[in-house]
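Nothing in this text is a laboratory measurement; each read-out follows from the coordinates by a stated rule. Predicted, not measured: the structure shown is a model, and the values here were computed from it. Note: ideal-geometry Cβ built from the backbone for every residue, glycine included; neighbour counts use all protein chains shown.
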Ligand code: SF4
Ligand code: SF4
């Protein structure tokens with residue numbers, strides 16, 4: 001059963017989301033800018049051309065293709081946002097992580113040993129540029145033959161070094177940078193280098209992902225909901241409809257970045273006892289050893305994760321919107 005669940009929930013769902021995004025963009029643009037509409041539709045067709053063979057391989061040969069995965073190069077951040085979607089500011093000092101290059105390499109290799117292709121790999125934080133090995137990690141990811149695209153995500157408070165820009169240029173067809181646009185938050189302006197970063201990337205012909213009118217959803221306090229199993233299954237299915245990106249932190253692959261934060265077992269135990277059992281393949285996959293195919297099927301075939309019982313993602317997305325990156329009071 002897990003295999004079909006993996007295919008339907010993860011692979012087809014992601015294909016559907018990406019295709020509707022391309023088609024919607026095309027439809028909206030068609031009345032205003034015919035050229036843009038053609039670009040959107042072309043992207044949709046390319047996507048189909050790329051993902052259809054993968055779907056056939058999954059069905060007929062039981063091969064593993066993964067739509068997207070993110071990794072925290074560090075949990076440390078230059079900001080402390082009130083509505084941080086990954087709850088990074090709730091991580092206490094003793095639990096913070098700064099990933100070494102060797103660990104990064106081992107985890108990525110173990111993850112991909114039985115995977116045909118990872119379509120998108122995102123390097124995140126906290127703020128990933130705080131990691132002194134960020135450039136090496138970026139290069140290693142871009143050189144990996146099983147990874148199709150690599151995106152570096154930065155909050156716009158740190159300069160992007162020439163070394164990183166040169167690597168991005170060298171792999172310009174495979175790389176992009178997502179720069180969070182926090183400029184609507186005027187109180188942050190003295191800290192932001194967003195304009196300079198964007199200019200540097202554009203001048204060097206690097207693909208930029210930048211939202212002009214970024215708004216955030218207000219996050220709710222972490223709390224245990226004590227939903228029934230059936231309710232948690234429904235909640236997880238609703239969440240899958242929104243967006244889904246698995247996440248690596250602390251040497252483990254989790255369902256999402258929130259699950260990675262919540263899995264700090266002490267956090268569960270200290271604030272929300274009794275803590276659930278965090279079984280391997282139920283809550284995460286340990287990347288200290290090569291991941292076998294059955295582990296993916298079991299993990300991705302989960303009806304929900306323990307983390308979902310601590311999460312309010314679905315109601316947040318449909319709830320109040322706020323200025324991005326409002327800072328915590330202390
Ligand atoms: S910049 Fe803000 S939202 Fe991003 S990781 Fe840091 S605290 Fe979280
Ligand atoms: S923890 Fe929240 S965001 Fe993560 S999969 Fe569960 S419901 Fe979705």
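Just one of the listed residues (107, 82) is away from ligand 2 (no atom under 16 Å from the Cβ), closer than 20 Å to residue 150 by Cβ and touching a residue at least 60 places away in the same chain (Cβ under 8 Å), and it is 107. Scanning region 248-258 for residues that are closer than 13 Å to residue 311 by Cβ and either assigned to a strand (DSSP E or B) or within 16 Å of ligand 1 (Cβ to nearest atom) (or both) yields a total of 4. For region 177-186, which residues satisfy the criterion of being without any contact (Cβ under 8 Å) to a residue 40 or more places away in the chain and surrounded by fewer than 20 Cβ atoms within 10 Å (Cβ to Cβ)? The answer is 183, 186.
Scoring residue 287 on the criteria (1) over 25 Å from residue 82 (Cβ atoms); (2) within 16 Å of ligand 2 (Cβ to nearest atom); (3) crowded, with 17+ Cβ neighbours inside 10 Å leaves a single failure, condition (2).
On the basis of being away from ligand 2 (no atom under 12 Å from the Cβ) and not in a loop (DSSP other than H, G, I, E, B), does residue 298 make the cut? Lay out the reasoning, then the answer.
Working: away from ligand 2 (no atom under 12 Å from the Cβ): yes; not in a loop (DSSP other than H, G, I, E, B): yes.
For residue 298, the condition - away from ligand 2 (no atom under 12 Å from the Cβ) and not in a loop (DSSP other than H, G, I, E, B) - is met.
Can you find even one residue in region 284-302 that is away from ligand 1 (no atom under 16 Å from the Cβ) and on the phi > 0 side of the Ramachandran plot? Within region 284-302 (the criterion being away from ligand 1 (no atom under 16 Å from the Cβ) and on the phi > 0 side of the Ramachandran plot), the answer is no, since none of the residues qualifies.
For every residue, the table says whether it meets (1) within 15 Å of residue 201 (Cβ to Cβ); (2) within 16 Å of ligand 1 (Cβ to nearest atom).
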{"site": "97", "(1), (2)": "no, yes"}
{"site": "122", "(1), (2)": "no, yes"}
{"site": "133", "(1), (2)": "no, no"}
{"site": "151", "(1), (2)": "yes, yes"}
{"site": "164", "(1), (2)": "yes, no"}
{"site": "172", "(1), (2)": "yes, no"}
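Looking only at residues that are part of a helix (DSSP H, G or I) and in contact with a helix residue (DSSP H, G or I) (Cβ under 8 Å, 6 or more places away or on another chain) in region 307-330, which one is farthest from residue 233 (Cα to Cα)? Only one residue fits best here, namely 317. Being surrounded by 13 or more Cβ atoms within 10 Å (Cβ to Cβ) and closer than 18 Å to residue 246 by Cβ: is that true of residue 327 here? Criteria not met by residue 327.
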